[in-house]
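Peer 1: Take a look at this one; I'll ask things after.
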Amino acid sequence: MTEQAISYQFITSNEVLEQQCQYWLTQPFLALDTEFMRVDTFYPKAALIQVQDDKNCWLIDPTKITQWQPFANVLTEESVLKVLHACSEDLDVFAKLSGEVPRPLMDTQVALAFLGETLAVGYQRMVENWLQITLQKEETRSDWLQRPLTESQCIYAAADVYYLYRIWPMIQQKLADQGREVWCREECNQIARLASMPLDDEFYYLRVKQAWKLSQEKLAVLQNLAAWREQEVRKRNQPRGRLLSDNQLWLLAFKLPSNRFELSQIDGLRPAAIKRDGDQILELIRLGRERSQAMWPSSIPSPIGQPYRDWAKALKKLVRSVAEANNLPPELLVRKRQLEQLLNSAVRGELNQMPEEWRGWRESLIGEPLLAKLTELASRR
């Protein structure tokens, strides 16, 4: 079946937005989506906000709106459920525009995972599976900041919430039938909560590949550099790689340059970057090296060494077993980074409580079994 004709209305003034927000506050749920560009900036550039209510599809032009508080009130109204699909980047857009992320929130991509799908079902596939409608994809990578938008762009954008609004009640009913609606709400509320939390730049260094190869002294340097980069890219609104890539962070911590000439030997570090930030980078390296040993980060166990490798294999087997028994994708139960952090703590003998993100529906299903397995593994050392 081909797409249906979809009508839409633009919102291009603060007054109309405020008026419509008053109506949205009366709705049981809204379908939301965004269109944005994120090519040469850290923060997404909002190009369009789509809202579907029980009557109309609305396209909000963020280039025309200057007062976002009425919309922020809708985003945080507890009686209005906000339904999105694959919402992680959309949350960044809402937070940047209004200072708020939608809550309560329901992500239909997550909901489908609770119904036994993978954790990566795209919107087009969802619409085809639930409504037998094939959507066009021509505008996926179009320039959403151009004005005026083309009719094709507007129809594409409207379809992203028009069908979402129709599908959600069906997914909700199936979740309820399988007794998983509460689980899904807990998971989506946690997504909103984490998106609202201030970033902890001090722990970004743990995401750098090969960080486990560094000594604790060099990890202290890596921690300094990574935290500084996170603060700077937000301040300058530029992509991480334009300031320093993860690989360059690692090379700086590994080689510990002490002057500008040695900085110039770091692969890919441009002369302009050294001129602009060289002194700051060298100072961060010096401060990391001078940090007292008691303040060094803990060493990171090798993922290819013992017992990490054997423990990882045992935990992954357990996760797969629980996932299969409950018809859930393994990555919904435990994400790769969560499992890595758990293993790092356990191998160092520092795991003494369940991670906070495993409370709620995960606790008895996978959290307690994983901790029990780690306790068993540790007793064999």
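FYI, it's all coordinate maths here, none of it is from the lab. Since we're looking at a predicted model, the values are computed, not measured. So basically every Cβ, Gly included, is an ideal-geometry build from the backbone, and we count neighbours across all protein chains shown.
Peer 1: Between Gln173 and Gln9, what's the calculated FRET efficiency when r is the beta-carbon distance and R0 is 41 Å? Round to 0.05.
Peer 2: For Gln173 and Gln9, the calculated efficiency is 0.90.
Peer 1: Among Lys209/Lys255; Lys209/Lys336; Lys96/Lys137, which pairs are too far apart, with a Cα-Cα distance over 24 Å?
Peer 2: Over 24 Å Cα-Cα: Lys96/Lys137.
Peer 1: Show the residues, 5+ positions off or on another chain, whose built amide H is closer than 5 Å to the amide H of Leu81.
Peer 2: Sorted by chain and number, the residues that satisfy this are Phe29, Leu30.
Peer 1: Also, quick follow-up: Run the simple label-point estimate for Ala272 and Asp40 please: 7 Å along Cα→C-beta, distance reported in nm.
Peer 2: Output for this residue pair reads 1.0 nm.
Peer 1: Subtracting the Cα-Cα distance from 0.36 nm times the residue separation, let me have the gained length for Asn247 to Asp279 in nm, one decimal.
Peer 2: Full-extension gain reported as 9.6 nm.
Peer 1: How far apart, in nm, are the 7 Å Cα→Cβ label points at Arg147 and Asn327?
Peer 2: 4.9 nm
Peer 1: Per the Kirkwood treatment, what hydrodynamic radius in Å, one decimal, follows for the stretch 100-236 from the mean inverse distance over all distinct Cα pairs?
Peer 2: Averaging 1/r across every pair of different Cα atoms and inverting gives 18.7 Å.
Peer 1: Then there's this: Under the classification rounded if a/c is under 1.5, otherwise prolate if a/b is larger than b/c and oblate if not, where does the stretch 1-99 fall, given a ≥ b ≥ c as square roots of the Cα gyration tensor eigenvalues?
Peer 2: rounded
Peer 1: Quote the FRET efficiency, to the nearest 0.05, computed for Phe203 versus Met354 with a Förster distance R0 of 25 Å and r equal to the Cβ-Cβ distance.
Peer 2: Given R0 = 25 Å and the Cβ-Cβ separation, E is 0.85.
Peer 1: Could you give the length gained by full extension between Ser292 and Arg381, i.e. 0.36 nm per residue of separation minus their alpha carbon distance, to one decimal place?
Peer 2: Going from the current span to full extension adds 29.0 nm.
Peer 1: Pull up the DSSP beta bridges for the chain and report the antiparallel fraction as a percent, rounded to 5.
Peer 2: For the chain, the DSSP antiparallel bridge percentage is about 50.
Peer 1: Stokes-Einstein at 4 °C, 1.567 mPa s, Kirkwood radius from Cα pairs: D for the chain in µm² s⁻¹?
Peer 2: So the translational diffusion coefficient is about 55 µm²/s.
Peer 1: For the chain, what relative contact order do you get, as a whole percent, if you take Cα pairs closer than 8 Å and at least 6 residues apart?
Peer 2: Answer for the chain is 15 percent.
Peer 1: Suppose only helical runs count, i.e. DSSP H with n ≥ 4. What mean residue ellipticity at 222 nm does that imply for the chain under -39500 (n - 2.57) per run, divided by all residues and rounded to the nearest 500 deg cm²/dmol?
Peer 2: Taking each H run of at least 4 residues, the total per residue is -16000 deg cm²/dmol.
Peer 1: What FRET efficiency would be calculated for the residue pair Asn56, Ser264, taking the C-beta separation as r and a Förster radius of 51 Å, to the nearest 0.05?
Peer 2: FRET efficiency, Asn56 to Ser264: 0.30.
Peer 1: Report, to two decimal places, the Cα Rg of the stretch 9-196 normalised by 2.2 N^0.38 Å (N = number of residues).
Peer 2: The stretch 9-196 yields a ratio of 0.98.
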